[in-house]
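Right, one structure below, let's go through it.
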Amino acid sequence: MEKLCKLLFELSSIERMNVMLELQKQRLKLSHISKKLDMTVTEASRHLQRLSEAKLIQKDVDGLYGLADFGNLTLSLLSGICFISENRQYFLEHDLSRLPSEFVERIGELSSVSLGTADVMTSFRLSEIMLQEASEYMWILSDQVLTSTVPIIGERMKRGVEFRFIFPENLVAPPGVKPVHGAQRRALPRVEEIILMTEKEAMFGFPYLNGKLDYALLIGKDPESHKWCKDLFLHRWEKATPAPSPAK
């Protein structure tokens, strides 16, 4: 614990964090760091010395400073803490306690996602557009059926788009809505997240503290957040029970 506290103390300085972030981009000399971060040479030298003593950075024979392997590893693990810190209000209002630990540890992969910027109706419309643009697959994990998407799903399936659905075991379809033939269907005792994704992007949401799912979904278009959602869907898919095929 003592070593951890010492490391956190070094990282608690915004100046030293800025130095590390600059060195993450490229190797720099002392004078360059001083100029880029608007520090005196003395200030920059002091921060570099502290970071060097903490084994977070190192200087090569040409006098260029760069991140040490330990520094790179430290920054990669800090990305998740930075993400939840910057989006504190969202995480104060949502419950991620049922998220598998491996995905909590990878939460920094969602750093490019803007949280809490869309409303429910906008999310529904965006999900319809995403469905219409799917050319390879569409995977849906949800606790209810969005009836407006049913015709779109049927049309996309005729074009060869693969569909996978995960719904709660006790789901009751809305009146007049029948399961889509040809789609792969599985069921879970309880759905803990919402995921709608194609080969291009992902939309997802977490429950509020009261357990109700938030349908104002988040959008991930970058490779990292897309992979995070894909891995989580596949994790839930493996845990789910194959649902019986609907009667024709």
Q) Per residue, how much accessible area does the chain have with a 1.4 Å probe, in Å²? A) 57
Q: Name the long-range amide H neighbours of ASP214: under 5 Å, sequence gap of 5 or more, or other chain; modelled H, no Pro or chain starts.
A: PHE206, TYR208
Q | Rounded to whole Hz, the Karplus (6.51, -1.76, 1.60) HN-Hα couplings of segment 205-218, x for glycine and proline | A | x, 10, x, 6, 4, 7, x, 6, 6, 8, 8, 7, 7, 8
Q | Order of exposure, largest accessible area first, which applies to ASP143, ASP38 with probe 1.4 Å | A | ASP38, ASP143
Q. Mind checking which aspartates and glutamates have their C-alpha under 20 Å from LYS212, skipping anything on the same chain fewer than 8 residues away?
A. GLU93, ASP95, ASP119, ASP143, GLU169, GLU192, GLU193
Q.
Students often forget the sequence filter, so: which lysines lie under 21 Å Cα-Cα from LYS3 once same-chain residues fewer than 8 apart are removed?
A. LYS55
Q.
Could you tell me the relative contact order of the chain? Use alpha-carbon pairs under 8 Å, at least six residues apart, and round to a whole percent.
A. 17
Q: Note the angle between two axes, namely the Cα long axis of helix 120-133 and the longest principal axis of the Cα atoms of the chain, as a number of degrees from 0 to 90, rounded to the nearest 10.
A: 80
Q: Report the charge-dipole magnitude of segment 1-56 in Debye, nearest 20, computed about the Cα centre from +1 at each Lys and Arg Cβ and -1 at each Asp and Glu Cβ.
A: 220
Q: Using θ = phi - 60° and the Karplus relation 6.51 cos²θ - 1.76 cosθ + 1.60, list the HN-Hα couplings for segment 13-21 in order, rounded to whole Hz, with x at every Gly or Pro.
A: 8, 5, 5, 5, 5, 5, 4, 5, 5
Q.
Can you give me the angle between helix 69-86 and the longest principal axis of the chain, using Cα atoms only, in degrees from 0 to 90, rounded to the nearest 10?
A. 60
Q) At a Förster radius of 51 Å, what calculated FRET efficiency corresponds to the Cβ-Cβ distance of LEU4 and LEU126, to the nearest 0.05? A) 0.75
Q: Once you have the Kirkwood Rh of the chain from its Cα pairs, apply Stokes-Einstein at 20 °C and 1.002 mPa s and quote D in µm²/s.
A: 103
Q: Using amide H atoms built 1.01 Å from N in the peptide plane, name the residues 5+ places from GLU162, or on other chains, whose amide H lies under 5 Å from its own.
A: TYR137, MET138
Q. Ignoring ligands, DNA and RNA, what percent of the accessible area of segment 71-129 is carbon or sulfur (1.4 Å)?
A. 56
(Q) Rounding to the nearest 10 and keeping the result within 0 to 90°, find how far the Cα-based axis of helix 41-53 lies from the longest principal axis of the chain. (A) 70
(Q) Given axes a ≥ b ≥ c from the Cα gyration tensor, I'd like to know whether segment 155-244 is rounded (a/c under 1.5), prolate (a/b larger than b/c) or oblate. (A) oblate
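The values are calculated or read from the model by the stated rules, or taken from the named source; none is laboratory data. These figures come from a predicted structure and were not determined experimentally. Cβ sites come from the backbone with ideal geometry, for glycine too, and all protein chains shown count toward neighbours. Each accessible area value is taken on the protein alone, full model and side chains, heavy atoms only, with ligands, DNA and RNA left out. Shrake-Rupley method; radii C 1.70, N 1.55, O 1.52, S 1.80 Å.
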